[in-house]
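Have a look at the structure below before the remarks.
The values are calculated or read from the model by the stated rules, or taken from the named source; none is laboratory data. From a predicted model like this one, the values you see are computed outputs, not experimental measurements. Cβ atoms come from the backbone with ideal geometry, glycine included; neighbour counts cover every protein chain shown. Side chains included, ligands, DNA and RNA excluded: accessible areas come from the protein's heavy atoms. Shrake-Rupley method; radii C 1.70, N 1.55, O 1.52, S 1.80 Å.
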Amino acid sequence: SIELHSFDGAVKHLEQAIAITTDPAEIARLEERAANAATQANRYEIAVQHADAAVAQHRSTGDRLGELRAHAVRADVEMSQHGDRIAIPILRDALEAAADLPPSVEHVRAEAQLARALMIQGSGGEAIEHADRVLASAPVLADADIVLETMITKSAALQMVGRYREADIVGIGAVQVADREGPLTARLRARNNFLSVATMRSAREALEMAGEGYEIAKRLGARTWEDQFGGVLLSTSFEVGELDAWVDEVGPRLAEAPAFYRAWRLIELAGRAAMRGSIEEARSLLADANALLGASSQASESMAGNAGIVEFAAGRYAEAIEVLEPSLRGEQAYWTVRWGVAAAVMLRDPQALRYFADLLPESQVEGPVRTAIEASISAGLMALAQPGLERADIPEDLRGSFVAALSLADATGVLLWRAVIAIALGRLAAGRFPEADAAVEEGAAFLRAAGASALVERLFDGGAGPARQAQAADRAAAPDAVGG
């Protein structure tokens, strides 16, 4: 059944085999296989039961290498749900317990999984250290798949530590090798991890790759990966301003998935509700999602980011920045920082803009997306530094900075945010040069066509009136506030 990619069927067959097998060592191996099959089918609770049973069986027979291998399987089950906070201690403890044994493929496999868990957590530097140790280990030569899986992990970790070009090269190479000779999981993992690089360059590129991964997973019956790519498709279609895309296709499936993916669906629906002006509905959806969050660092960051978007859509720009704060330096920063910058522009707060400019080197934002954010910050600061100038007196570098910011945002394909920042910057420079007025009209037309007319009205009502001027003044006077 596994070879035919019927993972649910494989679990049933393996459970039948376990029931009639008497050899403890063979039972342990069958439990491992059942855990792996259940993981692919996204049957989390069943996978946990079989992985735990494999650990117990190996322990009962005194097979310490088998126990180490089973712990790696157990950690893999958690990582299928992005559960890095559970997987990391499992792997650290298992490796420590087996440290007195001679080097083996089981050691290398467990450390490769630890590198992956650290990458999922966002600890790129430590993930690279473990990945390099795996690749330099002699036992790894006995298992080519471990080399491939470790390089897939390393590609995403490299991006996290600012080595964007290396990540790009390693990541696309991993996709090609996985397609040529890797197992199913490697083909799908390689695409999923390369998305961390692709999203720094082009949301359209990421959307295309996610769609490709989704179709492969769906065709081959890999339900976990189908749900993973389904979530990515919802997130990325939101970025490009296609609010209805994929909701009917993947939404019902995610609604029946384990808790992590159910929460992901609710978070995505919240963002869409907020764009359409249903703020209380959005907050309720986020509350429901928060109740489902487990041991995932990524999910916690995403929750903070989307809660910030909801506050932004409500016109509460200072609050949006505060809510976004926990997500501004991690793996989600490539999109959360953008919304923070838009909030700072709406507040007409140069201190907040400088805060984001200083934060960028600390964040995991690289490539063209970072360049677009930097250009938007620069345009906002220049406009705020030269208020009240007549059209004839506008310096060319201000106009050039404004045009460059929108052009760079357009090139990255993040068209929803591009429309928002066009309105925010355009209203800041309204009447001062024709490109500013045109940008406001274009941004508003895009958002209305996307179904976000309520957001347009909120942005048009979001000038720096007395209340927002007071908010900005309060932050400027508070050294411990944002930008202090």
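Observations, loosely collected:
- Checking the stated criteria, Arg427 turns out to be over 24 Å from Glu208 (Cβ atoms), open to solvent by 10 Å² or more (accessible area, probe 1.4 Å), among the charged types (D, E, K, R) and touching a helix residue (DSSP H, G or I) at 6+ places or on another chain (Cβ under 7 Å).
- Residue among Arg59, Arg33, Arg29 that is in a helix (DSSP H, G or I), touching a Leu at 6+ places or on another chain (Cβ under 7 Å) and modelled with pLDDT of 95 or more: Arg33
- If you go through the stretch 304-335 and pick out every residue that is open to solvent by 20 Å² or more (accessible area, probe 1.4 Å) and under 19 Å from Ser123 (Cβ atoms), you end up with 5.
- Between Ala445, Ala419, the distinction of being closer than 18 Å to Ser407 by Cα, surrounded by fewer than 17 Cβ atoms within 10 Å (Cβ to Cβ) and modelled with pLDDT of 95 or more belongs to Ala445 only.
- Cβ pairs under 8 Å, 6+ apart, first in the stretch 170-187 and open to solvent by 40 Å² or more (accessible area, probe 1.4 Å), second among the polar types (S, T, N, Q): Thr185/Gln40
- Residues being open to solvent by 20 Å² or more (accessible area, probe 1.4 Å) and part of a helix (DSSP H, G or I) - total across the stretch 36-49: 7
- Residue list for the stretch 208-235, restricted to those being in contact (Cβ under 8 Å) with a residue 60 or more places away in the chain, of a type in the set (A, V, I, L, M) and open to solvent by 10 Å² or more (accessible area, probe 1.4 Å): Leu220
- Among the residues listed as Asp76, Asp52, the single one being surrounded by fewer than 22 Cβ atoms within 10 Å (Cβ to Cβ) and among the charged types (D, E, K, R): Asp52
- Pairing each residue of the stretch 11-34 that is more than 17 Å from Asp52 (Cα to Cα) with any residue that is modelled with pLDDT of 95 or more and assigned to a helix (DSSP H, G or I), provided the two are 6+ apart or on different chains, yields C-beta distances under 8 Å for Ala17/Leu30; Thr21/Ile27; Thr21/Leu30.
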